[in-house]
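Take a look at the structure set out below.
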Amino acid sequence: MVKTRLFYEIMLLVLVLVWPVAGFGADFGPVSGEICQNLYNQPPADPKLANLVEYRASSQNPVYVLEQNQYLIMSFGAVHDLQSMYNPKDELEVPLVYQRIMSIGAAYPKNLKKVLMLGLGGGRLTQYLRQYLKRAEFTVVELDPAVISVAKAHFGVQEKDKHLKIVQADAWEYLKDSKDKFDLILVDVCVSDTVPPQVKSADFYKEVKAHLAKGGTAVQNVSLKHYYLGEAEAAMREAFGGFDSFETDMNFILVAPEMITKHSGVLSYRAKSRQKKYSFRYPLGELLGCFHRKEPISD
């Protein structure tokens, strides 16, 4: 009996180490309502009522830096759409819930050596992951030089070592010109409060997939302010064949691996293993359990 149990534990560990994972339609186990509520709580913020710190003109997005309570806020355009929040007194806080959910991507890839972020904003997700994945190389692609400048000046983004490279470029053009492969690609792109049409297309997601290393994973933020969920799902399904979906309010996070398997137990095990190794502030297993959409959405 002991030998049999040991055999299965070893086999599961082998799967975790060598098998790319996705948990389509999986149940990641019960999480208490109190834990989920804590993960769901987002600091109140109203950019229209916040104090202006700086305005930066830009051909892409007029960029506002605002202050409310202890938080700095990045917003675009006259409508003051909330783009990013940053607590200068707490480098590990990720105030926006959808960005916490995007960090789930760290549970999926076979490796976490190279990370690509398409869209910088205030850089909160990038900075959060960098605090834990200290040996990983991060590349961030941002179209708007004003956003890059503001993120460095006010939002704690520091490009001081070889582990972070910020590239001022269009995400689509960068992918077409680059030959690099990444273990994790995070996509959170908008221009003038809209998502460029090419970024909504299956061709774009196919290009993203082509830049994934073996066992890699892509994560897409879908804001319902910008486009229909079904539009994003159809494009990602065509490119990847399936995905996991997580939701909160006006945002859905779609997670798609380079290769598909429905062995959800491997994902759960890997999430626990990665959480134990890195001690993420927002635990991967709890994020999986609290925000995963229960209904099956993929074949």
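The values are calculated or read from the model by the stated rules, or taken from the named source; none is laboratory data. Worth saying up front: this structure is predicted, and the values here are computed from it rather than measured. So basically every Cβ, Gly included, is an ideal-geometry build from the backbone, and we count neighbours across all protein chains shown.
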Open item on the list: Looking at the structure I just gave you, is Leu66 under 25 Å from Gly265 (Cα atoms), at pLDDT 90 or above and crowded, with 19+ Cβ neighbours inside 10 Å?
Closed with: no
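Table: residues versus (1) acidic (Asp, Glu); (2) at pLDDT below 95; (3) closer than 21 Å to Lys110 by Cβ.
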position	(1), (2), (3)
Arg124	no, no, no
Phe138	no, no, yes
Tyr174	no, no, no
Asp180	yes, no, yes
Leu186	no, no, yes
- [ ] Give, as residue ranges, the strands (runs of 3 or more DSSP E) completely inside region 205-260 that count at least 1 residues that are charged (D, E, K, R).
- [x] 212-223, 244-248
Open item on the list: Contact list please: Cβ distance under 9 Å, first residue in region 156-168 and touching a residue at least 60 places away in the same chain (Cβ under 8 Å), second residue among the acidic types (Asp, Glu), pairs at least six apart or on different chains.
Closed with: Gly156/Glu91
Open item on the list: Can you pull out every residue in region 74-90 that is closer than 17 Å to Tyr128 by Cβ and not small (Gly, Ala, Ser)?
Closed with: Met74, Gln83, Met85, Tyr86, Asn87, Pro88, Lys89, Asp90
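If we keep just the residues of region 29-47 that are in contact with a strand residue (DSSP E or B) (Cβ under 8 Å, 6 or more places away or on another chain) and without any contact (Cβ under 8 Å) to a residue 60 or more places away in the chain, which is nearest to Gly265 (Cα to Cα)?
Keep residues of region 29-47 that are in contact with a strand residue (DSSP E or B) (Cβ under 8 Å, 6 or more places away or on another chain), which gives 40, 43, 45-47.
Pick out the ones that are also without any contact (Cβ under 8 Å) to a residue 60 or more places away in the chain and you get 43, 45-47.
Values: Pro43: 34, Ala45: 38, Asp46: 41, Pro47: 42 Å.
Within region 29-47, the match that is nearest to Gly265 (Cα to Cα) is Pro43.
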Open item on the list: Anything in region 86-116 that is buried (at least 24 other Cβ atoms within 10 Å of the Cβ) and in a strand (DSSP E or B)? List them, or say none.
Closed with: Tyr86, Val115, Leu116
